[in-house]
Amino acid sequence: DVNYKDKLMNIITKYNLKQYDKGSVQMAIKKPKRINERLMAVGAMGRVMGVIIHNDYGSRNGTPEWYIGWLRNRNKELGIAHYYIDRNTIARVIDSGDIAYHAGNYAANTGGYVGFEVCQSRWDTGADTATFLANEDMTLRQAAAVMKHYKLPVNRNTVRLHKEFSATSCPHRSWDLH
């Protein structure tokens with residue numbers, strides 16, 4: 001976006017975000033509940049090259065815990081990401097270095113991209129915008145932690161969107177808001 005700088009500066013000013021640069025105010029970041037339940041193991045994908053951001057298309061009740069229960073008996077070839085995240089919970093259901101079927105694209109699934117599903121994303125039946133943004137924020141924090149672990153830089157080659165790999169509107173709500 002050619003207006004990115006101006007948009008970012010407007011947000012910083014509107015929400016008085018410069019106060020956090022001074023070091024006098026500490027942000028209260030809630031520690032999420034963490035769940036590690038391995039639901040699929042088909043092998044290592046090799047070198048991790050980046051992350052793919054998804055927005056679920058489930059309901060308001062589509063929490064990470066709900067997804068674990070739903071995914072346990074689901075055919076994984078129909079789609080499964082590495083992580084399912086909302087503002088309260090981070091569920092890792094596939095080890096980040098293993099293959100997952102989340103992008104609808106063989107190269108992305110096996111070629112080094114870790115999938116992150118922002119839960120409760122639908123406009124019509126999902127959470128309100130503030131709640132969605134909190135869910136998205138927690139997802140991006142976890143994606144950043146994975147990228148740091150693998151020593152990946154943050155750029156357009158390492159942070160990708162599902163729609164870049166297959167014909168889908170995902171991540172629909174993130175795309176609409178940002």
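The values are calculated or read from the model by the stated rules, or taken from the named source; none is laboratory data. What you see is a predicted model; the values in this text were computed from it and never measured. Note that each Cβ is placed from the backbone with ideal geometry, even for glycine, and that neighbours are counted across all protein chains shown. Accessible surface is based on the protein model in full, side chains and every heavy atom, while ligands, DNA and RNA are left aside. Shrake-Rupley method; radii C 1.70, N 1.55, O 1.52, S 1.80 Å.
Within the stretch 23-178, count lysine pairs with alpha carbon atoms under 21 angstrom apart where the residues are 8 or more positions apart or belong to different chains. Show your work: numbers first, answer last.
Details: 30/148; 31/148; 33/148; 76/163.
The number of close lysine pairs in the stretch 23-178 is 4.
Over the chain, with the other protein chains present, what is the accessible area per residue in square angstrom, probe 1.4 angstrom? Computed with neighbouring chains in place, this is 59 Å² per residue. Find out how many positive minus negative residues lie around residue 172, taking Lys and Arg as positive, Asp and Glu as negative, among other residues whose Cβ is under 15 Å from that of residue 172. Local net charge: -3.
Placing pseudo-labels 7 Å out from each Cα toward the beta carbon at residue 5 and residue 30 gives an inter-label distance of 3.7 nm.
For the chain, which whole percent of the accessible surface, found with a 1.4 angstrom probe, sits on carbon and sulfur atoms? Mind showing how you got there, number by number?
Details: 5470 of 10420 Å².
Exposed carbon and sulfur together represent 52 percent of the surface.
If you bin every alpha carbon distance in the stretch 114-160 into 10 Å steps from zero, what whole percent lands in each bin? Each 10 Å bin holds this share of Cα pairs: 26, 44, 25, 5. Placing unit charges on the Cβ atoms only, positive for Lys and Arg and negative for Asp and Glu, gives the chain a dipole magnitude near 520 debye about its Cα centre.
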